Amino acid sequence: MPREDNYILDMQDITKIFPGVKANDNVNLSIKGGEIHALVGENGAGKTTLMNVLYGLYEPDGGQIFYEGNEVDLDGPEDAIKLGIGMVHQHFMLVEPLTVTENIVLGSEPRSGLMLDQKTAQKDVKEISEKYGLFVDPEAKIQDISVGMQQRVEIIKTLYRGAELLIFDEPTAVLTPQEIDELFDIFKSLKEQGKTIIFITHKLKEVKTISDRITVLRSGKSIDTVNTEDVTKEDVAELMVGRQVLLEVEKTEANPGEEIFKIENLNVNDNRELPAVKDISLSVKKGEILGIAGVEGNGQSELIEAITGLRKIKSGKFELRGKDITNFNAREIKREKVAHIPEDRQKRGLIMDFDLKENIILGYHDLEPFSRNGIMQYDNIAQYTEDLIEKYDVRGGGMESQAKNLSGGNQQKLIVAREFSHDPEFLIASQPTRGVDVGSIEFIHNQIIDRRDDGAGVLLVSAELSEVLSLSDRIAVIFEGEIVDVLKASETDERELGKLMTGSQAEAGGESNE
Amino acid sequence: MNKYSDKIKSVLTDLGLSLLSIIVALIVGTLFIYLTDKSPLDAYSALYIGAFGSFRAIVNTLWRSTPLILTGLAVALPFRAGLFNIGAEGQLLMGGFTAGIVGFYFTSLPTIIHLPFAIIAGMFVAGLWGGLPGVLKAKLDVHEVIATIMLNYIAMALTINYGINLFKETGRPATPRIMKSAAMFNFNNMNKYPFLKDLPLSDLFSQPAIRLHLNFFLAVIAAVILWYLLFKTTLGYELRAVGFNPDGAEYGGIKASKSIITVMFISGAVAGLAGVGEVLGTHFSFMQGMDAGYGFTGIAVALIGQTHPIGVILGGLLFGALAQGGLEMQFSGIPSEIVMLIQALVIFFVAALQVFKVYLAKRKAKGGVE
């Protein structure tokens, strides 16, 4: 029996075992009708597994599920949908060349004869979209619309199928800060209309902002369910990690030395050959962290790719220790003691099918002692890997397991281990903690600050304003490919940066603290 | 140690899957054999006896698998680097033709010079033939599938239609016979060599029907060298990185263009060795039709061998056995079409199980943690 009457959903003692892993171990989750319930936990805690059980994608090895007071047996997503459970996946399940409307009605299309009844379909979509404040362009093709709008299409899709309980799997991971605000407005409007929301996340700020109650999972077990107003971010972090976590970065005043890296009048085009970086000039000193704040897609990626030798530039130059390295390729730049944590660890940072020891030497694989006369020295590499795995606490597999079997946080630690182990003098860190759990964030931040204190110059790019603010010594704000201002981190705040990032000039007018 | 047991386990799984698909193919094949009013049992026992039933059968199975192992390697190696080499056929022809020319043109070289010269010349020209699409891909981004297919046609026209006519022996669509000094050592000649004739089995080998020659050993050596290259050298590390994730490799400072050209040259040379062996060891001249589609069968061999050089040896042996045993099946009255059909079924089911394996891996990954 469900434990209380006002629970719309009660999952009791859910156990799900995969070969070698107990992904869910007697997990309990109870959801009240009409609440926004955050399901939090580190990567690998079993959140997604639990939701896949609820959505009928996995058959549990033990436990019971009660929905609206009745025990249910979910054989597949069809059963879940029938009950009124909808899921918005982290990776959208949309057909790119079809229109928004076609995607929404796909699988339960209104028909007139053999044809899709476009009119009814569009009317239905419009109705839902207005009712919940979900703005979409019904006739646009999926491939042409923003990620935020694609997500709204996914939401309408579940509502169109009559969902009362909506599951969101890390919905904010792919969104810009503005889009996150919009999503939370949608959450509120859904709640007002009586819908129930479960959302998976590991971002504590979001949990505090939007949820009513929180259930914390750790290592496959449900640790606790708490009312959001009764706990602090620190409390939740402790529940997630199992120990106290420092959410604020602790660092001493920077002690900048001479200039190590300089960009002069850099212009770079994006993949469509449109200008992405416009006439940027910047400089980084030894022993300081220069943060680049900006809404994603304002030229940060192109800028980083250009200075790491991964993208051709149009004009301009950059210097390292006074040496012109403008036309160096990726390998030559690495040899200049430049480390690079790339923004996309799966696309750039790792060869996912390589094992840990092959990944930990990527970019250094042709150097002694890893390689001698063109022959890989796997004994040396194994020794080296063992040391680094221990030092950087990379968990989830030995050196022989493939990188793709690690959780996101451990993949990132693997990259950090590799890049920080060759005494970098200039460090480029792009979204260093994206999709990484709280414990690993703390670790990576400390590593970056340690490097700075060792006298390395650091260029940091992050979409997380709080990260840029807490780590950086100086902050350059990028907007539409231009640096609109450079500020001292200690003399600015999220509000001022937010304004600069979106193109509205700060009231004070760009005083430069260069 | 744990890591070895894991490795052995995964190898055994691969082997088991390949074996299972062969069994399924043979079971489905029985249906078609029934169509011919023959007993499947007789047919399959003929297949087995033909391929493994006697010393001669086993040795000739090795002989038949030789060019297939080599073309299989020529497909498998680029596959690891993310490239699909459809051009083994053309590379084989170019290698064979070159070896054939060198084989008859130089009349007064000792074997110790003539044979290696013919082999290396053939491999080198075939390497260029394979390297060319590599250059096109690296420099101009021309898709290697298109380029290699087109080069197959050009190679056919160049060697069979045009080349043979230049040197044609009267009455035979072939180049003149190669000199003895360029011929590969054949095992049925063991008795004629002072040291080898004292070896055990030398009598068994010395029957005229034994066709096995030196190239089988060159093929095995090539497989071992390629295995070492792929998994133990820096070049191999880079090739596999490019194959798995070109963006990641670029980030790691690996030049994809260099890898692509190198791997295509090597693979062309290996396919060329298949043709060289056919000319210098089997036919003793470059003949029309001697390629017998080896280049294309090589694709199947590579896939069955999981694109692993050692697996390719096994894949080549399987196809060699099917070809050798298939003859015996024909003698027992099964039409050659049915024999081909059974070979095709084996390929089909191995490919299908490959898909199944990918599916299993995906499910397992999904099943892992989050």
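The table below lists the values:
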{"read-out": "Residue in the range A:415-425 that is under 24 Å from A:ARG218 (Cα atoms) and in a loop (DSSP other than H, G, I, E, B) present", "value": "no"}
{"read-out": "Selection within the range A:146-164 - closer than 15 Å to A:LEU183 by Cβ and assigned to a loop (DSSP other than H, G, I, E, B)", "value": "A:SER146"}
{"read-out": "Helices (runs of 4 or more DSSP H) wholly inside the range B:1-88 that include at least 1 residues being within 14 Å of chain A (Cβ to nearest Cβ), surrounded by fewer than 20 Cβ atoms within 10 Å (Cβ to Cβ) and not hydrophobic (A, V, I, L, M, F, W, C)", "value": "B:2-35"}
{"read-out": "Output for the range A:283-336, where each listed residue is within 20 Å of the chain's Cα centre (by Cα) and assigned to a loop (DSSP other than H, G, I, E, B)", "value": "A:GLY294, A:VAL295, A:GLU296, A:GLY297, A:ASN298, A:GLY299"}
{"read-out": "Wholly within the range A:3-80, strands (runs of 3 or more DSSP E) carrying at least 2 residues that are outside the structural domain of A:THR172 (by TED's automatic domain parsing), farther than 27 Å from A:VAL236 by Cβ and in contact with a Ser or Thr (Cβ under 8 Å, 6 or more places away or on another chain)", "value": "none"}
{"read-out": "Residue identified as within 25 Å of A:VAL295 (Cα to Cα), of a type in the set (S, T, N, Q) and surrounded by fewer than 17 Cβ atoms within 10 Å (Cβ to Cβ) among A:ASN446, A:ASN380, A:ASN373", "value": "A:ASN446"}
{"read-out": "Test: residue in the range A:131-141 that is surrounded by fewer than 19 Cβ atoms within 10 Å (Cβ to Cβ), part of a helix (DSSP H, G or I), without any contact (Cβ under 8 Å) to a residue 12 or more places away in the chain and of a type in the set (D, E, K, R)", "value": "no"}
{"read-out": "Some residue of the range A:351-358 being within 8 Å of chain B (Cβ to nearest Cβ) and crowded, with 24+ Cβ neighbours inside 10 Å", "value": "yes"}
{"read-out": "Tally of residues being within 22 Å of A:ASP10 (Cβ to Cβ) and either of a type in the set (A, V, I, L, M) or without any contact (Cβ under 8 Å) to a residue 60 or more places away in the chain (or both) across the range A:219-230", "value": "5"}
{"read-out": "Failed item, numbered, when B:SER181 is tested on (1) surrounded by 20 or more Cβ atoms within 10 Å (Cβ to Cβ); (2) of a type in the set (Gly, Ala, Ser); (3) touching a Phe, Trp or Tyr at 6+ places or on another chain (Cβ under 9 Å)", "value": "(1)"}
{"read-out": "Strands (runs of 3 or more DSSP E) (entirely within the range A:186-246) containing at least 3 residues that are in the same structural domain as A:GLY162 (by TED's automatic domain parsing) and buried (at least 19 other Cβ atoms within 10 Å of the Cβ)", "value": "A:196-201, A:213-218"}
{"read-out": "Search result, residues across the range A:394-414 that are assigned to a loop (DSSP other than H, G, I, E, B), within 13 Å of chain B (Cβ to nearest Cβ) and either of a type outside the set (Gly, Ala, Ser) or more than 23 Å from A:MET240 (Cα to Cα) (or both)", "value": "A:ARG395, A:GLY398, A:MET399, A:GLU400, A:SER401, A:LEU406"}
{"read-out": "Flag for A:ILE389 being in contact with a Phe, Trp or Tyr (Cβ under 8 Å, 6 or more places away or on another chain), of a type in the set (A, V, I, L, M) and more than 8 Å from chain B (Cβ to nearest Cβ)", "value": "no"}
{"read-out": "Residues of the range A:359-383 satisfying the condition of being among the hydrophobic types (A, V, I, L, M, F, W, C) and either part of a loop (DSSP other than H, G, I, E, B) or at the interface with chain B (Cβ under 7 Å from one of its Cβ atoms) (or both)", "value": "A:ILE360, A:ILE361, A:LEU362, A:LEU367, A:PHE370, A:ILE375, A:MET376"}
{"read-out": "Selection count, the range A:31-46, where residues are within 18 Å of A:GLU229 (Cβ to Cβ) and in contact with an Asp or Glu (Cβ under 7 Å, 6 or more places away or on another chain)", "value": "3"}
{"read-out": "Members of the range A:322-336 that are closer than 16 Å to A:VAL284 by Cβ, exposed (fewer than 15 other Cβ atoms within 10 Å of the Cβ) and within 11 Å of chain B (Cβ to nearest Cβ)", "value": "none"}
{"read-out": "Any chance A:GLY287 is farther than 17 Å from A:GLY363 by Cβ and surrounded by fewer than 23 Cβ atoms within 10 Å (Cβ to Cβ)", "value": "yes"}
{"read-out": "Identity of the residue in the range A:337-350, under 21 Å from B:PRO246 (Cβ atoms) and in a loop (DSSP other than H, G, I, E, B), that ends up farthest from the other protein chains (Cβ to nearest Cβ)", "value": "A:GLU343"}
{"read-out": "In the range A:213-264, residue farthest from A:GLY439 (Cα to Cα) [restricted to those that are touching a Lys or Arg at 6+ places or on another chain (Cβ under 9 Å) and of a type in the set (Gly, Ala, Ser)]", "value": "A:GLY257"}
{"read-out": "Failed item in (1) more than 18 Å from the chain's Cα centre (by Cα); (2) at pLDDT 80 or above, with B:LEU318 passing the rest", "value": "(1)"}
{"read-out": "Counted residues, the range B:208-260 - those being among the aromatic types (Phe, Trp, Tyr) and within 10 Å of chain A (Cβ to nearest Cβ)", "value": "5"}
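Quick grid of which residues meet (1) away from chain B (no Cβ under 14 Å); (2) within 25 Å of the chain's Cα centre (by Cα):
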residue	(1), (2)
A:ASP13	yes, no
A:ASN24	no, yes
A:HIS37	yes, yes
A:GLU42	no, yes
A:THR48	no, yes
A:GLY56	yes, no
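The values are calculated or read from the model by the stated rules, or taken from the named source; none is laboratory data. What you are looking at is a predicted structure, and each value in this text was computed from that prediction instead of being measured. Glycine gets a Cβ as well: all are built from the backbone with ideal geometry, and neighbour counts include every protein chain shown.
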